[in-house]
1. Quote to one decimal, in nm, the extra length available between residue 128 and residue 185 on full extension: 0.36 nm per residue of separation minus the C-alpha distance between them.
2. Measure off, as a whole percent, the carbon and sulfur share of the 1.4 Å-probe accessible area of region 125-194, all protein chains present.
3. Please give the FRET efficiency for residue 167 paired with residue 216, using the beta carbon to beta carbon distance and R0 = 35 Å, rounded to the nearest 0.05.
4. Quick one: length gained pulling residue 67 to residue 11 fully straight, 0.36 nm per residue minus the C-alpha distance?
5. Return the FRET efficiency for the residue pair residue 21, residue 54: r is the Cβ-Cβ distance, R0 is 22 Å, and the value is rounded to the nearest 0.05.
6. Quick one: if you stick a label point 7 Å off each Cα along the C-beta vector at residue 199 and residue 177, how many nm between them?
Amino acid sequence: MSLVNEIKCARCDRKYSGVRSRCPYCGARRIGRGKYTEGADNAKGKMLISILILGCLVVAAGVLLFTTPIDDATAALPGGTIEDSTPPSGILDDLEDGNVSLPGENLPSPSDEYEDDPDDLGIPTPPEPPEVRSLTILHRNSRMIDFTAPVGDQLTFTARVEPLGIEEEIIWTSDNEAVFDVVPLNPEGTEARLTMTGAGTANLIVTVGGAEARCVVRVRR
């Protein structure tokens, strides 16, 4: 039994092998289909489907490659490391001293911060107290350098020290208590009360540290 299908020519009614595309007797083109032509067509269809599936896989791989973030891509490397010998940005390695420095504010060393600490013990040197630039005696916010008052009168005076924040003791003094005496009115010593005790002339002296202010007090009967 022949495995090749025979086809009948539509022109001369003669049969011939289905492998031929034309009738060997009259030369007419074959119209019918052979027994194995359908299987050959199925093979071509399967090949086309395989090519389409392979093309879809290639396109999907390309999309994943171009849409994957760089960080994820580098994390996917073997061992999770990036093959780059450049140190991370912001870190400068001193290969000679073996030190690592970070950019930013340079903190002073103990020897820089405390210049009077030769042993680098980290003990701060106490700051120098501010000096008195101005010392004024006031009465009712008016500067007093000379005034006259009757015996028995009492007046309140204020010492204004500049700059502010001076922690030196404010000392009020009368150089002649027979004319008047002076008593501080508050713990800070910024205010004092003068009492006129007798006729005469004396000096009111206020001292703060190395600064001094004077006011002439004249007492009359």
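1. Contour length minus Cα-Cα distance gives 17.6 nm.
2. With neighbouring chains kept in place, the figure for region 125-194 is 46 percent.
3. Result of the calculation: an efficiency of 0.75.
4. Contour length minus the Cα-Cα distance gives 13.9 nm.
5. The calculated FRET efficiency here is 0.10.
6. Spacing of the two 7 Å Cα→Cβ label points: 2.4 nm.
The values are calculated or read from the model by the stated rules, or taken from the named source; none is laboratory data. It should be emphasised that the depicted structure is a prediction, and the values quoted were computed from it without experimental measurement. Backbone-built Cβ (ideal geometry, glycine too); neighbour counts: all protein chains shown. Note: areas computed on protein heavy atoms with side chains; ligands, DNA, RNA excluded. Shrake-Rupley method; radii C 1.70, N 1.55, O 1.52, S 1.80 Å.
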